[in-house]
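Take a look at the structure set out below.
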Amino acid sequence: MVRALVIDDSAYNRVTITRMLESHPKIKVVATAVNGEDGIKQAMKHRPDVVTLDLEMPIMDGFAFLRWVMVNLPTAVIAVSSRSSDKSVFKALELGAVDFIAKPGGRVSPRLEEIQKDLVTKVLQVADVRMENLRRRIQDEGPLEPETKPPAEACAMGIELVAIGCSTGGPPALQHLFQVLPLMPVPFVIAQHMPGTFTRLFAERVNKLSEFNVKEAEDGEQLVAGTVYVAPGGMQTEIRRNADGLRARVFEAVPGDIYAPSVDRLLATASEACGERLVGVILTGMGDDGAAAMKQIRERGGRTIAEAAESAIIFGMPGEAIRTGAVEQVLPLQEIPAAIQRLCMGE
């Protein structure tokens with residue numbers, strides 16, 4: 001049984017979220033709270049397994065609650081954003097929220113029940129969250145710098161693309177990766193499980209924090225060195241080779257697609273396009289998306305890296321990739337930037 005605490009200043013939202021969660025027989029809402037201050041009291045009293053947290057509340061908002069709970073009572077938190085374009089979710093992820101959900105239609109909306117399936121799924125996943133890894137990442141004093149910076153002519157050995165897949169816990173991990181990596185003379189492509197709108201906002205955020213040009217991928221655009229392309233949420237992205245080089249193909253997902261964007265689809269098509277000149281990377285995330293593609297990358301001579309259990313917030317995706325036997329390097333997050341750099345420099 002997963003024990004949940006619901007924090008929201010709207011009585012309607014508290015009742016609705018409670019009803020949605022308790023529709024599943026393995027979830028029990030042990031308490032509700034009207035703001036962050038009340039949330040601290042309820043968290044101390046009930047010690048929940050997971051908290052659903054509104055971010056915009058009077059007296060004490062969700063950010064203040066996150067700062068307190070991650071220091072004093074580390075708990076899996078799912079941020080519930082009031083706007084689909086709300087950039088504050090990325091601040092919440094940096095402060096320790098494991099994942100987020102956007103409320104449809106505003107802060108108080110009769111459409112709130114539309115998120116039931118997604119909310120229940122995310123709450124049930126918290127048993128796999130490695131809270132000690134999350135706490136250690138938040139308390140880390142700063143990213144490690146690569147020992148050397150590659151010259152502009154690096155990658156002469158042949159690596160022409162780095163493809164990365166991740167899910168739960170991925171945004172902060174990706175932000176760390178591109179803040180540490182120096183500008184590399186290859187393009188990067190990313191499939192991060194994230195709803196539409198948020199992938200564009202995430203790309204804009206990382207663009208401001210790194211040396212790379214980070215943007216949401218567009219259909220038909222040519223991949224350029226030094227640019228990071230984030231697969232749009234709710235869409236599928238593939239890599240194709242044309243006469244003039246590598247290009248992105250972005251198109252609508254179909255109802256049967258489990259993930260949109262799909263890590264397997266992005267990495268498998270990148271492998272078909274690049275063969276041995278591809279580096280595939282799997283970071284933190286729930287499930288097994290990307291495992292089959294990592295096996296394909298290795299069979300075609302490409303290079304493979306997966307995040308180690310010691311740093312992954314959820315070890316599902318990297319763990320499944322490792323179990324295929326196709327992963328060459330299993331590394332904690334802080335060592336992955338240097339590993340990518342070495343491969344791209346031909347070492």
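Residues of the range 280-312 that are at positive phi and surrounded by fewer than 24 Cβ atoms within 10 Å (Cβ to Cβ): G287, G301.
Could you tell me which of the residues G220, G234 is under 22 Å from E114 (Cα atoms) and not aromatic (F, W, Y)? Quick ask: steps written out before the conclusion?
Working: G220 fails: under 22 Å from E114 (Cα atoms).
Result: G234 is the single residue among G220, G234 that is under 22 Å from E114 (Cα atoms) and not aromatic (F, W, Y).
The numbered conditions (1) farther than 29 Å from R130 by Cα; (2) touching a Leu at 6+ places or on another chain (Cβ under 8 Å); (3) hydrophobic (A, V, I, L, M, F, W, C) are all true for M294 except (1).
Please find, among A43, A4, A76, the residue that is over 25 Å from the mean Cα position of the chain (by Cα) and either at pLDDT below 95 or of a type outside the set (D, E) (or both).
On the way: A4 fails: over 25 Å from the mean Cα position of the chain (by Cα); A76 fails: over 25 Å from the mean Cα position of the chain (by Cα).
Checking each option against the conditions leaves just A43.
Of all residues in the range 20-36, those that are of a type in the set (D, E, K, R) and either free of Cβ contacts under 8 Å to residues at least 24 places away in the same chain or not assigned by TED's automatic domain parsing to the domain that holds K91 (or both) total 1.
Considering each of I138, I115, I101 in turn, give the residue that is over 26 Å from R342 (Cα atoms), part of a helix (DSSP H, G or I), at pLDDT 55 or above and touching a strand residue (DSSP E or B) at 6+ places or on another chain (Cβ under 7 Å).
Details: I138 fails: touching a strand residue (DSSP E or B) at 6+ places or on another chain (Cβ under 7 Å); I101 fails: part of a helix (DSSP H, G or I).
On inspection, the qualifying residue turns out to be I115.
Checked against the criterion of being part of a loop (DSSP other than H, G, I, E, B), among the β-branched types (V, I, T) and assigned by TED's automatic domain parsing to the domain that holds K117, the candidates I40, I59, I17, I78 yield just one match: I59. Considering (1) at pLDDT 95 or above; (2) closer than 26 Å to G301 by Cβ, the lone condition that A243 does not fulfil carries the number (1). Only one entry of N213, N207 meets the criterion of being surrounded by fewer than 21 Cβ atoms within 10 Å (Cβ to Cβ) and out of contact with any Ser or Thr (no Cβ under 6 Å at 6 or more places or on another chain), and that entry is N207.
Considering Q175, Q179, Q192, the condition of being in contact (Cβ under 8 Å) with a residue 24 or more places away in the chain, in contact with a Leu (Cβ under 8 Å, 6 or more places away or on another chain), assigned by TED's automatic domain parsing to the domain that holds A308 and surrounded by fewer than 17 Cβ atoms within 10 Å (Cβ to Cβ) is satisfied by Q179 alone.
The values are calculated or read from the model by the stated rules, or taken from the named source; none is laboratory data. Remember, predicted model here, so these are calculated numbers, not experimental data. So basically every Cβ, Gly included, is an ideal-geometry build from the backbone, and we count neighbours across all protein chains shown.
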